[in-house]
Every structure is written in structure tokens, then in C-alpha cells.
1. Those residues that are open to solvent by 60 Å² or more (accessible area, probe 1.4 Å) and touching a residue at least 60 places away in the same chain (Cβ under 8 Å), I need them from region 108-118; list them, please.
2. Evaluate the following for L161: is it at pLDDT 90 or above and over 30 Å from L63 (Cβ atoms)?
3. How many of the residues making up region 83-97 are at pLDDT below 80 and out of contact with any Ser or Thr (no Cβ under 6 Å at 6 or more places or on another chain)?
4. Mind counting the residues in region 166-188 that are among the polar types (S, T, N, Q) and more than 17 Å from the chain's Cα centre (by Cα)?
5. Kindly indicate which of G77, G38, G64 is modelled with pLDDT under 85, in contact with a helix residue (DSSP H, G or I) (Cβ under 9 Å, 6 or more places away or on another chain) and of a type in the set (G, A, S).
6. Here is a list of conditions, (1) at pLDDT below 85; (2) within 19 Å of Q140 (Cα to Cα), and A21 meets all of them except one; can you say which number that is?
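The values are calculated or read from the model by the stated rules, or taken from the named source; none is laboratory data. Everything numeric in this text was worked out from a predicted model, so none of it was measured. Reconstructed Cβ throughout: ideal geometry from the backbone, glycine too, with neighbour counts over all protein chains shown. Note: areas computed on protein heavy atoms with side chains; ligands, DNA, RNA excluded. Shrake-Rupley method; radii C 1.70, N 1.55, O 1.52, S 1.80 Å.
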Amino acid sequence: MNFTPSLPVFLAYTAASLLLAVTPGPDMALFLAKTLGGGRRFGFSALGGCMAGLVVHACAAALGLSALLAASTQAYGAVKLVGAAYLLWLAYGALRHGSVLRLEGGAQGQGSLFATFLTGLGINLTNPKIIIFFVTFLPQFIEAGDAHAGGKFLFLGLYFLCVASIVSGLLIVVASRFVAAAKSRPRLMRVFDYALASLMGAFAARLILAQGR
């Protein structure tokens, strides 16, 4: 069974994953705040919790999408169209509201490393937007007729976690510099916003055009 996509699809997915990984969000705000308040150990503990939550969501999305595809290609196509609308909404949100990176100052209330891990885990497990995102993101790279769709869904989901872990780990190491740049250069954050909006819009257009053929 072949779990890996073709090289062009894999490269496109890698590029998209890298851009998404460096775009600020609630989980990034958490582990950067913990790093600045309590040091790298707390930052990596929070990151570990976030990644553990993403593993659960990635596996659930892979199983759900695989079951849906096996049951009905029409229903799978409908989910992709709904996903296109959601991606367009994400693009609109990125342009309208911008990247949000609010960090808590100080080391008060850091608690234990395990409590920090659980905070990161809880943030991702209780966020329905994450699994919605996986459901809309992964189908971009899997065709309805792929005989190995289930394995590829799981591979792509876990591969995204690897990319996000590496990028986030690097951000923790250079946390103070990254945060200073983010706060002092709002135009840099707008670059992320426009890049994310362009990516989401392109994915949505690809889904709509593919469904129309």
C-alpha cells in the first residue's frame, strides 16, 4: 500500500504546511507566552500538548474522510465544496481581522510542566475549528478515486504535525526575537495575512474548479 502522494503533490503540500505553520494562531500564542514567561522548557511543554491534540484531530479527520469516501464519492465531493466555502471564509478573516498574537507577560501562574502540557492539549482538543480545518485542508491533495486514500490522509495529517513541530520548535528557540519582530513590524504580520488569504483562496478555487469538471 502506497501512503505517500506523488512528488509534485508532496512538494505543494509541504509549501502549504510551512506557510500555515508560521501563521500566528492561538496555539502559537500559548507556547510563545509560556516560553517568554517561564523559559524554553515551558514553551516545549505547551507545544507538546498542542501537538498531542493535533494528533487526535488528524487521526479523526483521516478516519472520517476515509469512511466518507468509501461510503459515497458524491458526499465526499459535497464536503469538498463546503470546505471551499470555509477556506474562503478563512481568507476573508485573515484580510479583515489580521493575525492575532497576544502574549501574556510575566512568569506568574506558570504552574508545572505537566499542567502546561495539559493546557496545550486542552486548547487543541476543545477547538472544533482545528478538525474543520483538517477536513477542508487534506482533501485538496487526495483524489476521490485514489485506492490508497485512507493511508494518504493519515500520512498527510501526521506529516503536517511534523512540519508544524519543527517550525514551532525553532520559534521557541528564538521566541524573544520573533515576538519583538511581530510587535514592532505590523507590516510583517500583514504579509502573513495576505499570504494565508491567497493560499486559502487558491485552495478554494481549486476545489470549486475540480468539482465543476
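1. As a first pass, look at region 108-118 and keep what is open to solvent by 60 Å² or more (accessible area, probe 1.4 Å): 108-109, 112-114, 117-118.
Correct list: Q108, L113, F114, F117, L118.
2. Values: at pLDDT 90 or above: yes; over 30 Å from L63 (Cβ atoms): no.
When the stated conditions are applied, L161 does not pass them.
3. Residues flagged as at pLDDT below 80 and out of contact with any Ser or Thr (no Cβ under 6 Å at 6 or more places or on another chain) within region 83-97 amount to 3.
4. 2
5. Only one candidate passes the filter, namely G77.
6. Against the list (1) at pLDDT below 85; (2) within 19 Å of Q140 (Cα to Cα), A21 comes up short only on (1).
To keep it simple, each residue is scored yes or no on (1) open to solvent by 20 Å² or more (accessible area, probe 1.4 Å); (2) at pLDDT 80 or above; (3) closer than 18 Å to C59 by Cβ; (4) of a type outside the set (S, T, N, Q).
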residue	(1), (2), (3), (4)
T126	yes, yes, yes, no
F133	yes, no, yes, yes
F141	yes, yes, yes, yes
L154	yes, yes, yes, yes
V179	no, no, no, yes
A182	no, no, no, yes
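Matching residues to (1) out of contact with any helix residue (DSSP H, G or I) (no Cβ under 7 Å at 6 or more places or on another chain); (2) open to solvent by 10 Å² or more (accessible area, probe 1.4 Å):
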| residue | (1), (2) |
| --- | --- |
| N2 | yes, yes |
| P8 | yes, yes |
| L20 | yes, yes |
| D27 | no, yes |
| G43 | no, no |
| A46 | no, no |
| V55 | no, yes |
| L68 | no, yes |
| T73 | yes, yes |
